[in-house]
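Step one of this worksheet: look at the structure below.
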Amino acid sequence: MNLARRMLGKLTEGRRQEPNPRWKISNLTRGTVLAERVETANRGATRRKGLLGRDGLPSGEGLWIVPCESVHTFFMRFPIDLVYVDRKLRVRKVRSGVPPWRLSACLSAHSVVELTAGTVHATQTQAGDALEFSPTGPVTEKTAKQSRLCKPSSFSNLQQHFCCWRLSLLARLSLISLYLRFRGCDAPLTYCAVYTDVSARLTP
């Protein structure tokens, strides 16, 4: 029992001492820097808390919530800027000076960066801009993995997009096939008849 407690304590201590990676976020399109010290919220507890409980956000700091498609500012004490980005680190949407008690969402985004109010205007950040995330603290194995994810290759993105499109198409064709089979049609003939038209019309 004591051995189990000691092992559990060491594991818990190791988790507590794991550094929270910080990032420097640059706008490659505009040649500006959004923030020098951006914390990461990539766990359930940190994502739910966000910036709640803080009295303000100093200039040059921020919070990167990943993954995240929507945020709220309930119970917050200060306005913030929001920058939604996709997996390719392209800006999908920006919101400036969001006050407390507001909701914001971008369904096409993969993560969101919460910044000091006025940052979006000062850096001229707009939808479509390309961002770069560079680690500023000690590069641990976890930080290095996240850094590689922050710079996906164009080939991997194209391959991922093609796989998602193919799976979506096959899923929809399967539903059509089951429906027509239920109506008394032959499933192989269903694929031959609808593949050309559906492949041109359906999107992932």
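The values are calculated or read from the model by the stated rules, or taken from the named source; none is laboratory data. Remember, predicted model here, so these are calculated numbers, not experimental data. For neighbour counting, all protein chains shown are included, and Cβ atoms are generated from backbone atoms with ideal geometry for every residue, glycine included. Please note that ligands, DNA and RNA were not included when accessible areas were found on the heavy atoms of the full protein model with its side chains. Shrake-Rupley method; radii C 1.70, N 1.55, O 1.52, S 1.80 Å.
Numbers for the structure displayed
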quantity	calculated
Which listed residue, of 94, 83, is closer than 12 Å to residue 25 by Cα, buried (at least 17 other Cβ atoms within 10 Å of the Cβ), modelled with pLDDT of 95 or more and among the aliphatic types (A, V, I, L, M)	83
Elements of type strands (runs of 3 or more DSSP E) contained in the range 62-132, each with 2 or more residues being in contact with a Leu (Cβ under 7 Å, 6 or more places away or on another chain) and under 23 Å from residue 44 (Cα atoms)	70-72, 80-85, 111-116
Which numbered condition residue 41 misses (of (1) touching a residue at least 40 places away in the same chain (Cβ under 8 Å); (2) surrounded by 14 or more Cβ atoms within 10 Å (Cβ to Cβ))	(1)
Contacts under 9 angstrom Cβ, first residue in the range 72-95 being under 14 Å from residue 111 (Cβ atoms), partner acidic (Asp, Glu) and in a strand (DSSP E or B), 6 or more apart	82/114; 83/114; 89/132; 94/81
Residue list for the range 23-61, restricted to those being outside any loop (DSSP other than H, G, I, E, B) and of a type in the set (Asp, Glu)	36, 39, 61
Filter pass, residue 26 being within 20 Å of the chain's Cα centre (by Cα), small (Gly, Ala, Ser) and modelled with pLDDT of 95 or more	yes
Selection count, the range 67-80, where residues are within 23 Å of residue 21 (Cβ to Cβ) and either in contact with a Gly (Cβ under 8 Å, 6 or more places away or on another chain) or buried (at least 17 other Cβ atoms within 10 Å of the Cβ) (or both)	3
Unmet criterion (only one of (1) touching a Lys or Arg at 6+ places or on another chain (Cβ under 8 Å); (2) among the aliphatic types (A, V, I, L, M); (3) under 19 Å from residue 22 (Cα atoms)) for residue 120	(3)
Tabulated pairs, the range 116-133, first in contact (Cβ under 8 Å) with a residue 40 or more places away in the chain and on the phi > 0 side of the Ramachandran plot, second open to solvent by 20 Å² or more (accessible area, probe 1.4 Å) and not small (Gly, Ala, Ser), C-beta under 6 angstrom, 6+ apart or interchain	124/30
Residue, farthest from the chain's Cα centre (by Cα), within the range 44-66, restricted to residues that are open to solvent by 20 Å² or more (accessible area, probe 1.4 Å) and closer than 16 Å to residue 109 by Cβ	47
